[in-house]
Amino acid sequence: MARTRSSSSIRWRYVNPAYYLKRPKRLAILFMAFVSISFFVWDRQTLVREHEEELLMLKEEVERLQNELGELKHEDVSYTKTNTTAKKIDVTKMDGLVIDPIEAQRREKVKDAMLHAWTSYETYAWGHDELQPQSKNGVDSFGGLGATLIDSLDTLYIMGLDEQFQKAREWVANSLDFNKNYDASVFETTIRVVGGLLSAYDLSGDNVFLEKAKDIADRLLPAWNTPSGIPYNIINLAHGNAHNPGWTGGDSILADSGTEQLEFIALTQRTGDPKYQEKVENVILVLNKTFPDDGLLPIYINPHRGTNSHSTITFGAMGDSFYEYLLKVWIQGNKTAEVKHYREMWETSMKGLLSLVRKTAPSSFTYISEKIGNSLIDKMDELACFAPGMIALGSSGYGPDESRKFLNLAEELAWTCYNFYQSTPTKLAGENYFFHSGQDMTVGTSWNILRPETVESLFYLWRLTGNKTYQEWGWNIFQAFEKNSRVESGYVGLKDVNTGVKDNMMQSFFLAETLKYLYLLFSPPSVISLDEWVFNTEAHPLKIVPRVVPGEERKLNNIRVRTRKEGRFGGF
Ligand code: DMJ
């Protein structure tokens with residue numbers, strides 16, 4: 001019994017604090033053991049808590065992804081306002097790009113249309129300005145400069161139609177001759193020929209295009225030698241004598257005089273020669289001196305005094321691209337201080353545009369009216385349908401509220417323009433529309449000459465909003481062209497969009513603009529990115545490069561632009 005009590009008291013002495021107070025080493029070991037065990041337990045608990053949080057997050061993520069998958073499987077993309085097509089999103093990955101197979105298919109269809117238009121031109125009108133598909137012959141509507149061929153160069157290049165591009169390049173190098181005793185339109189020659197050649201140069205880096213652009217620009221340049229610096233709109237390409245058309249009463253046309261800036265500034269940037277930029281920039285300085293508070297200029301300007309003549313104000317024929325270039329020169333100039341006045345003038349004009357905006361009855365379509373004196377005319381040209389794209393492109397330069405307001409306006413106007421197409425039996429738009437109360441829109445001049453403005457705006461709106469509705473609208477318009485305008489030897493316009501009766505002309509801008517914008521509408525946004533390129537009014541993309549500051553000319557010749565084959569366009 002005594003032995004039992006003594007062994008029990010030996011065991012219990014370890015829990016007696018006095019035992020440790022007499023043995024400090026053991027106390028230290030006990031303390032360290034206690035700290036280690038506490039740390040271990042605390043650490044395990046923290047780990048468990050963290051794992052629980054992570055698990056919760058993962059669970060939420062799985063739920064979110066499951067929901068998204070469910071939406072993708074079952075979602076019918078509801079297209080506001082059209083309510084026509086339902087589309088399932090089905091994306092695959094190719095070359096690191098997310099490619100929508102429907103987009104890819106549509107892009108191929110547009111490329112096929114280009115090939116058909118081009119092959120027909122090649123077969124029946126090679127080297128002429130335009131093809132007459134029904135009679136299968138070429139016509140020289142621009143003095144025999146191969147307008148369709150030059151207008152098509154960049155479209156061929158962007159679409160990867162390399163053989164066709166090379167053949168066209170050989171013609172430019174060996175057969176293109178500008179020494180023509182022909183009274184050419186300074187505007188048409190600039191936007192189609194100078195613009196087309198510069199774009200081909202920027203895309204391919206081939207010097208032959210730059211040399212030719214310089215040749216034709218030098219022939220156009222004397223047109224700016226007027227008392228005011230506002231150019232005459234017609235010039236003889238061989239002799240250099242310039243004048244205005246008789247039907248303007250000797251005046252210059254606003255759009256004709258204010259739509260050479262992008263091309264001539266680009267030419268100065270690429271050649272290092274300041275003379276091109278100086279001539280065209282002076283026009284804007286002259287117009288700015290008497291620029292009205294609403295920024296709206298009548299379509300006729302007196303080239304001697306540089307002042308406006310009493311005439312129509314419009315965003316349609318003869319006014320349109322003046323406003324477009326105010327914005328685009330600002331973009332081309334990298335939005336710097338040197339081009340600030342372009343943006344200011346453009347914003348002033350947008351205030352004026354807002355004063356022309358009206359709504360139809362009963363359906364409330366938004367449209368841009370025209371103005372003569374103080375009276376508004378309830379008419380809008382299809383040509384003015386470039387405006388939604390321009391407004392959308394310029395909207396991001398405003399603060400958030402204004403930006404949203406202008407983007408909304410652009411979207412409303414695009415809806416109206418799309419309905420110019422949808423409201424006719426052929427689903428192709430007429431040349432202009434009138435808006436009588438109670439009747440919404442009525443076709444005025446009822447032809448359709450394959451114009452691009454509406455698809456141009458759809459392209460910008462799709463790029464800038466990401467809304468696939470605009471692709472659907474573009475696809476519907478393309479199908480209407482296929483149905484009504486495609487003939488055995490090319491594409492023709494319609495004499496009347498109500499009856500579908502065909503004309504006999506394949507306009508060069510159909511290949512330069514309509515088909516290019518449609519192709520880009522179904523291509524990834526990296527293909528001719530709007531951050532790097534600016535389109536001239538004939539849809540020729542010009543590379544945005546550093547601006548040449550007057551007096552500090554730098555030799556920027558041979559700007560080497562990486563080509564599509566080097567991966568510039570995303571390589572699909
Ligand atoms: C093209 O030559 C240009 O887009 C121009 O600015 C307006 N007219 C045609 C297309 O309609």
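Rule-based calculations on the coordinates, nothing more; no lab input. Being a predicted model, the structure only gives us computed values, none of them experimental. In this analysis, Cβ positions are derived from the backbone assuming ideal geometry, glycine residues included, and neighbour counts consider all displayed protein chains.
Cα-based radius of gyration for the stretch 362-440, normalised by 2.2 N^0.38 Å, reads 1.18. Using only Cα atoms, locate the centre of the stretch 120-196 and the centre of the stretch 207-272, then give the distance between them in Å, rounded to an integer. With the stretch 120-196 and the stretch 207-272 each reduced to a Cα centre, they are spaced 19 Å. Residues whose amide H comes within less than 5 Å of that of K371, counting only those at least five positions distant or on another chain, are I313, I377 (H built at 1.01 Å from N in the peptide plane).
Taking amide hydrogens as placed 1.01 Å from N in the peptide plane, the amide H of K502 sits under 5 Å from those of K495, each at least 5 positions away in sequence or on another chain. For the stretch 167-232, the orientation-averaged shadow of the C-alpha convex hull comes to 4.8 nm² (one quarter of the hull surface).
Dipole magnitude for the stretch 330-487: about 140 debye, using +1 per Lys or Arg Cβ and -1 per Asp or Glu Cβ, origin at the Cα centre. In order along the stretch 486-501, phi translates into HN-Hα couplings of 6, 10, 3, 10, x, 10, 10, x, 10, 6, 8, 6, 7, 9, x, 4 Hz, rounded to whole numbers, per the Karplus curve 6.51 cos²θ - 1.76 cosθ + 1.60 with θ = phi - 60° and x for Gly and Pro. Per-residue Cβ neighbour counts within 10 Å put Y325, Y19 in the sequence Y19, Y325, beginning with the fewest.
Here r is the Cβ-Cβ distance between A361 and H310 and R0 is 22 Å; the resulting FRET efficiency, rounded to 0.05, is 0.10. Here the Karplus curve 6.51 cos²θ - 1.76 cosθ + 1.60, taken at θ = phi - 60°, turns the phi angles of the stretch 137-153 into couplings of 8, x, 10, 9, 6, 10, x, x, 9, x, 4, 5, 4, 6, 4, 8, 3 Hz, with x standing for Gly and Pro. Amide H contacts for A184 (H built 1.01 Å from N in the peptide plane; partners 5 or more residues away or on another chain; cut-off under 5 Å): I235, N236, L237. The string of couplings for the stretch 164-173 from the Karplus curve (6.51, -1.76, 1.60, θ = phi - 60°) is 5, 4, 4, 5, 5, 4, 4, 5, 4, 5 Hz, one whole number per residue in order, with x for Gly and Pro.
Pairs exceeding a 19 Å alpha-carbon distance, out of K427/K502; K359/K379; K351/K468: K351/K468.
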